[in-house]
Structure formats: C-alpha cells, structure tokens
Amino acid sequence: MTPLGKFSLRLALYGLVLLYLAADLFLFKGPLRRKIERADPRSPEAVAAAKAGGVVARVFNLQITRSQLDRAVRERLWLDGKTFESLTPEHRKIARYAALDELIDHELLRVKAKVNAPQLKVGDEEIDGRRQRLLGRFESKDAMESAMKSQGIASGQDLRDRLAARIQQEKYVESKIGPLASVTAEEARKWFDENSMAPVIPERIEARHLFIPTRDHPPQEAKAKLEAALAGLTAKTKDFATLAKEVSEDPATKDQGGLLGWMTRRRLPADFAAQVFPLALNQATLIRTRLGWHLVEVTGRKAAEPQSFEQAKPEVLAALEAVKRRQATRDFRDALRRFEAEKIDVFHDMMAE
C-alpha cells in the first residue's frame, strides 16, 4: 500500500473513532459517557450510587453515612446525659439534623485546623482536663467505659484522640473570633446602667464537706464511711477538720478542713445545691449526688442583696463575653458553610426514620 493509502486508512480509522466517541457521549450514552457521569459526584448516577450506599451527606471528598450519623446523634446525646430512645419523633429529627450540622462543621474545621496545626498545639494536660470533666458526668469509670463502647469508642486512646481533635478545632475557631468576643469596661457599665433588672448578689451559703466519690468506691461503702464520720462528730470524738484529712477524698478541700467557702446556687451542681441550700446551720447532714456521698455542714448564710457595678463587673464582663462568643462562633461557622457551599451536599430524603 502506498504511503498515501496508509495515510487515508489511518484518517478513516481516526474518523470512525471520533464518530464513535461523539455517538457514545451525545447520542446513546455508551460506556464512556456513563463512566464520565459516574465520575461527576453530582450526576444523578453518582447521587443514586451514594444513596444506595447509605450516604446522607458529602463534604469535600468525605461521605457521611447514615450509620455514622446515627452514631454521632447518640454520642452527642450521651455527652449531654440523654438517650435517643427518650426523645419524641420531632426531637429525634431535630437531634439528627443538629448532629449532621456538627459532622459537616467538624469536617470543614478539620481541614482548616489541619492546615493550621502547627499553631494549634494540644497538650496532654488539656486532654486530661477535658477527660476528667467528662468522667464527672458518670457515677463510675465503669459507667463511662460502658457508654464509650456503646458509642463505638474502642479505647481510652481513641477517646483522647477525639477530645484532642475537638480541642484543636475549638482553638482554631477561637483564633478567628477572639477579637470579636472582647468586652470593654464601658460596654459592661452601659449594660449595668441600662438593665431594667438591678443586679443583686444572690443568696449565699458557707459550707464544708467530706466527700467520697462513688466512681472509685461502691456506694454503700462510701455511705458507711461517712455515717461513721457523722457518728464521730455527733459524739464529739473528732472534729470536722480532722475527719476531712482522714476521710474526705476531695483533694481541693481535705487539707483545708473541708471548707468550700461562700457559694451561690449557680456555682454548684444542681443536685448538690438543691439539697444543701435548705439545710439548717451547723447541722452536719449526709447527702447523695450523682458523683458520690457528701457529709455537709452549712456554717453561714447571707440573704440576697443589691450589687454595685464594681461588685458585678467581673460577672457582667464574663456574661457579655459569653454572649458575644456564642454569636461570633455561629457567625463564623455560617460564613464558613456559605464559603464552602459548593463542597457540601445533603440528601434530605435519607434523613427520615
């Protein structure tokens, strides 16, 4: 075959290939067209495939499945001391969307925090403190570990990793909103002067206690130890300060005679305040909270009284800053969500019961 003939044959073959590709892409949706459509994450085929796999949302290249969402809902409720089964159908829906928003925000913030990781160091002491506060929500370590397993948290290290990631994201958000949350003394004074309800110093009590946590001891054993301590007080064989050193397991007060100082209801756990505030003066009483057993004695009481600006200033500053921080956090997350809207897909039909 002459060179011209070979060239003509190649040209004809190329033409046939181009015709086939054009027909595949634009006429009968052949294998190439279907492959391209599947590669487009927002094509009907890709969306259908994602839903078939249980995907409820996508953020960047991450797929959030229904099983992940359900686990996040239960974990979120667990951290608040609630269960999914205790909610009404309407509140379950609200909880599900709230958890999904958190998962989406988590992924957006994870990407941002990863980029800024060198400036967002998380120390062991920060993780320890967060873990200790979490432990305080349970009556025992066993109760917390059981709840961890039910939420798919396989080990103590897994929990630490999750807490570290959350702290890192919080630091990233704080780095963005910190200046917006500051409150000046002038703003605090203005709020104090304009507030229709004159601030007051609420009722306060002064108290001391002996404490034995039930997370480290069987409840009956803890109660028996404090009953014996109460008997010693009643018989006047030992004083409160001595018993605090010998019996109490509250490291913050045992060497100070069990002294808790002056306290308002707002500064105390609700189940502790509800039992302590009604007590008569100088009558040691045994009470049980979800953290353990206490032998408590109220040693002083002050009624509510008007409060000057200088007295109220620290609390007003803290309250106004908290309001600003919450709003700034919401605004920042909303702005981030809008900025990355093209990277987020939510399949609402996959959110039903």
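The values are calculated or read from the model by the stated rules, or taken from the named source; none is laboratory data. It should be emphasised that the depicted structure is a prediction, and the values quoted were computed from it without experimental measurement. Note that we place each Cβ from the backbone using ideal geometry, even for glycine, and neighbour counts take in every protein chain shown.
What the table shows:
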| item | result |
| --- | --- |
| Helices (runs of 4 or more DSSP H) fully within the range 126-224 counting 1 or more residues that are outside the structural domain of VAL323 (by TED's automatic domain parsing) | 185-194 |
| Qualifying residues in the range 241-283 (those that are in a helix (DSSP H, G or I) and touching a residue at least 60 places away in the same chain (Cβ under 8 Å)) - the one surrounded by the most Cβ atoms within 10 Å (Cβ to Cβ) | VAL276 |
| Exclusive hit being touching a strand residue (DSSP E or B) at 6+ places or on another chain (Cβ under 8 Å), assigned by TED's automatic domain parsing to the domain that holds GLY136 and not in a strand (DSSP E or B), set ARG337, ARG330, ARG325 | ARG337 |
| Unmet requirement for VAL200, which otherwise passes all of (1) surrounded by fewer than 18 Cβ atoms within 10 Å (Cβ to Cβ); (2) closer than 28 Å to GLY261 by Cβ; (3) under 28 Å from the mean Cα position of the chain (by Cα) | (3) |
| Where a residue in the range 292-307 is within 12 Å of TRP262 (Cα to Cα) and its partner, wherever it lies, is surrounded by 13 or more Cβ atoms within 10 Å (Cβ to Cβ) and hydrophobic (A, V, I, L, M, F, W, C), with Cβ under 6 Å and at least six apart | VAL298/ILE205; VAL298/ALA207; VAL298/LEU279; ARG301/ILE205 |
| Single match in LYS238, LYS245, LYS223, LYS254 (criterion: of a type in the set (Lys, Arg), touching a helix residue (DSSP H, G or I) at 6+ places or on another chain (Cβ under 8 Å) and within 13 Å of HIS294 (Cα to Cα)) | LYS254 |
| Lone unmet requirement of (1) touching a strand residue (DSSP E or B) at 6+ places or on another chain (Cβ under 8 Å); (2) part of a loop (DSSP other than H, G, I, E, B); (3) surrounded by 14 or more Cβ atoms within 10 Å (Cβ to Cβ) for LYS238 | (1) |
| Cross-chain or 6+ apart pairs with Cβ under 7 Å, the range 310-336 first and within 26 Å of LEU103 (Cβ to Cβ), then basic (Lys, Arg) and in a helix (DSSP H, G or I) | PHE332/LYS176 |
